[in-house]
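Have a look at the structure below, then the notes.
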Amino acid sequence: MVKPEVNRDSCLGCSGCFTICPANAIEFDGKATIIKERCISCHTCVNYCPVGAIVVEGE
Amino acid sequence: METYEYDCVIVGGGPAGLVTARYISEAGFSVAVLERDREIGVPVLCGEGVSRNIDNLGVTERRDWVENEIVGARIFSPNGTMVKMSAERAGGETGYVIDRERFDKELARIAAKKGADIFVMCDAKKANVEGGEIREIEAKLDGKDVKFTGKIFVGADGVESKVGRWVDIDTRLKPKDIVSCYEYTLSDVECDKDYTDFFVGRSLAPGGYIWIFPKSDDTANVGIGVLASYSKSALAKQLLDKFIEKKDFLRKGKPVRKLAGAVPVALPIQSYRGNVVLVGDAARHTDPLTGGGIIHAVIGGRVAGETIARALREEKLSLLEEYEKGWREKIGKKLERNYKMKELASTFDDKTFDKLADSVKDINFEELSTRGLIKALVTKHPSLLFKLKSLIG
Ligand SMILES: Cc1cc2nc3c(=O)[nH]c(=O)nc-3n(C[C@H](O)[C@H](O)[C@H](O)COP(=O)(O)OP(=O)(O)OC[C@H]3O[C@@H](n4cnc5c(N)ncnc54)[C@H](O)[C@@H]3O)c2cc1C
Ligand code: SF4
Ligand code: SF4
């Protein structure tokens, strides 16, 4: 599966994706960033995001 | 690198951190609160509903943070059946709709007056840990690298808590233990300012609910929480928009604020280790059934502050275990009971909510007891008894 990316412009900074990521692959400093090297493509964060700011390229 | 020395360093300037700081400084110890944002109380990530119990906790002096006094709560099941409760009965989030920015600033004002130092624009980045204890925290203050040293460190850093992770407390949440939220503050709506309204239902807000918390008769916080295990990308926003579109009194409203939030609906985690203490959302003290966390953050903050002051006075870290005992005594049972209720309620389909509402809609909640509830269920919808037996037993 494809590794998702955060659209920083639509991220509202709720930190939920950071808290829920099972692989510790998200950094949070008021907005979220996905560290691709650690991401296991589980898409838990994609489903979590209340505003759909985490996107999978090509979708 | 510039180094600041304190007896206690607190990460997070929300209610939990500010109340903790206040009780530590009141006891005569030096304390710093590190807040990443540029202003205490901003951005607001909250429905701003709180029970009148807040008045009995003695943490505020001014009252300018009360925006609206609520008479009661109304819960609507999917088919529109209404269950009404007085504010006293409804618990956690019913009583006042507050201005959360002013509320947090009032807590900060008092903490500061008692002697606490508050650093805004101060992002705690990492900790230097030795033998399971934090020695210092590296932070960015106004964009510059600085260090904070202390004897005791507090993680009051909310749902996202990193402080726990620094000493190997697992703060990650499973999808079934976190709620994905979206909220508008809508102006130019028409709402009944006497009631906070809750709308439940599997199709409406799976594993959560939609709330309308009126700030006045023309402005309300209208939000939704969806259990993350049922969530899909952007589902919270989509379901809320759909709900608003269908309600005449909301549709014409104009959003003056948009926010997304995450609410832990988990069992509390280990709340201390070595010289580290976790408070509020960081310790998962949010009510798992309602998602309300302000009151618990304040209660836990006070216990934490008083315990830390004692540990500093007697120079005994082992006293921190009293903190865990202290909050468990005050809110432990409620958190466990409501966690069970949440686990159960998140399996209900729309029909179950309708039957439940139908069973209890005529009960006078001033007198509601478990026996009364069972009686109502037996007479109206006996099949529900089976579903609820794990709670009643
Ligand atoms: C959408 C939504 C609606 C809610 N509605 C209600 C409600 O109606 N009633 C209710 O009682 N509760 C409600 N809650 C829950 C309530 O907001 C929280 O329980 C409460 O804020 C917890 O307080 P706290 O001090 O533990 O954490 P917070 O208030 O989250 O404070 C944590 C602070 O730490 C800061 N921080 C985090 N990491 C760092 C770092 N590394 N360095 C520096 N600073 C850091 C953050 O910026 C933040 O200011 C709601 C929550 C959400 C998301
Ligand atoms: S879940 Fe979405 S809104 Fe929340 S921090 Fe992650 S990307 Fe931003
Ligand atoms: S896809 Fe999974 S592993 Fe990757 S960032 Fe999202 S939650 Fe973490």
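Just so it is clear, none of the values below were taken in a lab; they were calculated from the coordinates. Because the structure is a prediction, the values reported are computed rather than measured. When we count neighbours, we look across all protein chains shown, and the Cβ atoms used for this are built from the backbone with ideal geometry, even at glycine.
State all residues of the stretch B:17-51 that are among the hydroxyl-bearing types (Ser, Thr, Tyr) and either under 16 Å from B:LEU107 (Cα atoms) or not in a loop (DSSP other than H, G, I, E, B) (or both); if no residue qualifies, say none.
B:THR20, B:TYR23, B:SER25, B:SER51
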message = Suppose we keep only residues that are touching a residue at least 60 places away in the same chain (Cβ under 8 Å) and more than 9 Å from ligand 1 (Cβ to nearest atom) within the stretch B:38-53. Which one would you say is farthest from B:ALA156 (Cα to Cα)?
response = B:ASN53
The stretch A:11-53 - residue that is assigned to a strand (DSSP E or B) and more than 7 Å from every other protein chain (Cβ to nearest Cβ) and, of those, farthest from ligand 1 (Cβ to nearest atom) = A:ILE34
ask   = Which of the residues that make up the stretch B:163-198 are within 14 Å of chain A (Cβ to nearest Cβ), farther than 22 Å from A:VAL46 by Cβ and under 22 Å from the mean Cα position of the chain (by Cα)?
value = B:VAL163, B:GLY164, B:ARG165, B:ILE169, B:ASP170, B:TYR184, B:THR185
note = Exactly one of B:VAL97, B:VAL59, B:VAL83 is among the hydrophobic types (A, V, I, L, M, F, W, C), over 17 Å from B:GLY293 (Cα atoms) and outside any helix (DSSP H, G or I), and that one is B:VAL83
